[in-house]
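Engineer: Shown below is the structure under consideration.
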Amino acid sequence: MDIRIFDTAGDVAEALARRIALALADDPATVLGLPTGQTPVATYAELRRLHAAGEADFSRASTFNIDEFAGVGASDPGSFRSFMDRHLFDAVNVRVERIHFLNGAASDLDAECDRYEAAIERAGGLDIQLLGIGANGHIGFNEPAGELVARTHRVTLTESTRRDNAALWGGDAARVPREALTMGVGTMLKAAALILIATGERKAQCVERTVHGPVTPRLPASFLQLHRHVEVYLDREAASRL
Ligand code: PGA
């Protein structure tokens, strides 16, 4: 793993946004895998700023978000799609037909997961998969478990994950959907390059286990050790146990 440590979370966002802008300059048709969560918010803000300055062009890029709540339409303000519209898509020139999302409102959710895997394949695979990490080592909605599902699949959310997502639902964990759809760890590992982002002291322990611990479904992020191109963007706090 290529570990990059920056002083502050703001420095992480700046460096990572520049990394993505350069990838887009190099290959305008880059296929990006994108996360939601608090961690990438600053990076998306920085990408919006670079785009406004004429330094990040998404006109030929494609995006595939990692996950979405089940039973939730794209226009629901609590959906991850709405989150992405607010934080990135509405303010950059990505074409709407190249924004790919799991449809949480699909009538057949298993078929929807198959459709998504096929759509990623048709796009030629993910060039760069950006990833956040949960304090428990989850990636996407792949939670610590005895075994992991490799492909895009349905998951039942844990109570702690529902609490972590309450902010999107007016602060009320009871309103957070009980199920979601997520790329599998295998879907992510097929990306040409993976970039893990973690900031803050709360992530220090899972970052240390991700980088140095055994590969185990008890820490889904540990599977990143199996990939030949992983960049890890950390601030000093998240790197404090390395
Ligand atoms: P966070 O979530 O960025 O809000 O900490 C990360 C994650 O759970 O993947």
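Engineer: Which whole-number value in Å³ per residue fits the convex hull of the alpha carbons of the chain?
Structural biologist: 112
Engineer: Probe of 1.4 angstrom, ligands and nucleic acids ignored: what's the accessible area per residue over the chain, in square angstrom?
Structural biologist: In whole numbers, the chain has 44 Å² accessible per residue.
Engineer: Leaving out ligands, DNA and RNA, and with a 1.4 Å probe, what % of the accessible surface on the chain is carbon or sulfur?
Structural biologist: In the chain, the share of accessible area belonging to carbon and sulfur is 47 percent.
Engineer: Once the convex hull of the C-alpha atoms of region 1-104 is built, how many Å³ does it hold per residue, rounded to a whole number?
Structural biologist: Roughly 104 Å³ of hull volume per residue.
Engineer: Where does the charge balance sit around residue 82 when Lys and Arg score +1, Asp and Glu -1, over other residues with C-beta under 15 Å from its C-beta?
Structural biologist: -2
Engineer: I've got another one for you. So what does log10 I(q)/I(0) come out to for region 90-164 at q = 0.12, 0.21, 0.25 Å⁻¹, using the Debye formula with one equal point on every Cα and no solvent?
Structural biologist: Here the Debye-derived log intensity ratios amount to -0.44, -1.22, -1.34.
Engineer: Which value, in Å³ per residue, describes the convex hull spanned by the Cα atoms of region 86-212?
Structural biologist: 144
The values are calculated or read from the model by the stated rules, or taken from the named source; none is laboratory data. Just so it is clear, the structure is predicted and the values come from calculations on it, not from any experiment. Heads up, the Cβs are rebuilt from the backbone with ideal geometry, glycines too, and the neighbour counts pull from every protein chain shown. We work out accessible area using only protein heavy atoms, side chains counted, and drop any ligands, DNA or RNA first. Shrake-Rupley method; radii C 1.70, N 1.55, O 1.52, S 1.80 Å.
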